[in-house]
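J.: Mind looking over this structure? Questions follow.
Bear in mind these aren't lab numbers, they're just calculated from the coordinates by the rules spelled out. The model shown is predicted, which means the values in this text are computed figures rather than measured ones. When we count neighbours, we look across all protein chains shown, and the Cβ atoms used for this are built from the backbone with ideal geometry, even at glycine.
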Amino acid sequence: MLLVREIVERSDRPQSRGRLRTISTKCELDLKEGAAAQPFRYVFSSASHMSIKIIVGIFVLMFCLSAQTEACALPRITKPIKESQVKQEALVTLSQANRFCNNLVGEATRSPVYDAYNVASKNVATIKVGDLQWLKNNGTAAGKLYAGYLLLRKDPAAGQEAFVEFLADNRTLEYQSGCEVLQATVSGIARNVLRTGRFLDFYDGIAHGVITNNPMYVQYLTGAKLFADAGPGESGVRPEYLVFAAAKQNLKEVKTEDLSRLLIKASPAGKLYAATLASLKTGNRTSFDALLQDKSKVTFISGCKGFETTVGEVAKQLKETGSFMSFSLKA
């Protein structure tokens, strides 16, 4: 009788992993009584059985290798990036900006930071105000400025308030346009933006329109709650004074008709600031005349100390002496 034994195992060694290896094949012919007449029948049958097993094994091996090869040949399928993720990445890029940049840096090389700003500005309608406030509060000096511009687009009032806040930030930073790099301060850039809506050649048409159509000194001084001097309190110089000081430094840009409206419609503190700006612009003190009989209450703040008085009393001293306590027309 023909005995066919085949031992096949899968090698786990790295150099032969996944391949089938035949360990041994042993054929023995055992002629016994009554079997001699059909030796070839048994040999043929057993050999066929062994061949089928080998063929099947080879087929399976080739199929697996083919499938693996095809899988490697397929291009990697990347999940489409969501629009929200693109916007979020743009804000993160801006939060880490080490320079305040225009659209070009170097020899006609686009600024990746400005590109991130461009993405955010084009999608600002779908960006939450809270995300822009996060950028303003957590970004670098340059990142804060980008946040202010984006807020001007998203919420003009919030954007203007952000730049008023920046007036107290005297940190230095670099501004780059093309190959030129300039030293600037956050407060200096903020003053320019509040005055004209732009800084040098960094121009945002919408932000420019917001500022020029509704000057910050008009909006902010209309509702000024306190009449303050330059003395810093616990949280720094009062924003009312910062806006006044920014307008004072750019008197040529301050419109007389705006000051006339403020003298009529503004809060008590706003009227005093408007009269002061008008006096500085015209070179005389007649602007205080309209306030001399005003009995409205106003709180004067210098540093951390303050007290209540009347608009008429403050106007009288400013007209006669050019100062009220530590607030001076000359300062």
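J.: In the structure shown, do any of Lys225/Lys295; Lys144/Lys271; Lys225/Lys319 have a Cα-Cα gap over 25 Å, and if so which?
T.: On the way: Lys225/Lys295 16 Å; Lys144/Lys271 31 Å; Lys225/Lys319 22 Å.
Violating the 25 Å limit, Cα to Cα: Lys144/Lys271.
J.: Report relative contact order for segment 143-232 in percent, whole number only (criteria: Cα-Cα under 8 Å, sequence separation at least 6). Mind showing how you got there, number by number?
T.: Values: 96 pairs, mean separation 19.1, N = 90.
Reported relative contact order: 21 percent.
J.: Here's another thing I want to ask about it. So how much slack lies between Asp201 and Glu174, counting 0.36 nm per residue of separation and subtracting their Cα-Cα distance, in nm?
T.: Numbers: separation 27, 0.36 × 27 = 9.72 nm, distance 1.40 nm.
Answer, rounded to one decimal: 8.3 nm.
J.: Ok, one more. Assuming R0 = 56 Å, can you tell me the calculated FRET efficiency for the pair Asn138 and Gln293, based on Cβ-Cβ distance, to the nearest 0.05?
T.: Details: r = 49 Å, r/R0 = 0.88.
FRET efficiency, Asn138 to Gln293: 0.70.
J.: Shifting gears a bit: Quantify how much of the Cα-Cα distance distribution of segment 83-213 extends past 20 Å, in percent. Walk me through the numbers on the way to the answer.
T.: Details: 3152 of 8515 pairs.
Everything past 20 Å amounts to 37 percent.
J.: For the pair Met325/Ala157, report the inter-label distance in nm, with labels modelled 7 Å from Cα in the Cβ direction.
T.: 2.8
J.: Give the long-range amide H neighbours of Gly233: residues separated by 5 or more places, or on another chain, with amide H under 5 Å away, using H modelled in the peptide plane at 1.01 Å from N.
T.: Arg238
J.: Moving on to the next point. So for segment 215-331, averaging the separation of alpha carbon pairs under 8 Å that are six or more residues apart and normalising by length, what relative contact order in percent results? Don't jump to the answer; show the numbers that get you there.
T.: On the way: 194 pairs, mean separation 32.2, N = 117.
So the answer I get is 27 percent.
J.: Normalised by the residues of segment 246-315, what does the relative contact order come to in percent, with Cα pairs under 8 Å and at least six apart? The partial results should precede the final answer.
T.: Details: 80 pairs, mean separation 17.1, N = 70.
In percent, rounded to a whole number, it is 24.
J.: Moving on. Which value in Å does the Kirkwood hydrodynamic radius of segment 223-328 take, with 1/r averaged over all unlike C-alpha pairs and then inverted? Let's see the in-between values first.
T.: Working: mean 1/r = 0.0736 Å⁻¹.
Final number for the Kirkwood radius of segment 223-328 is 13.6 Å.
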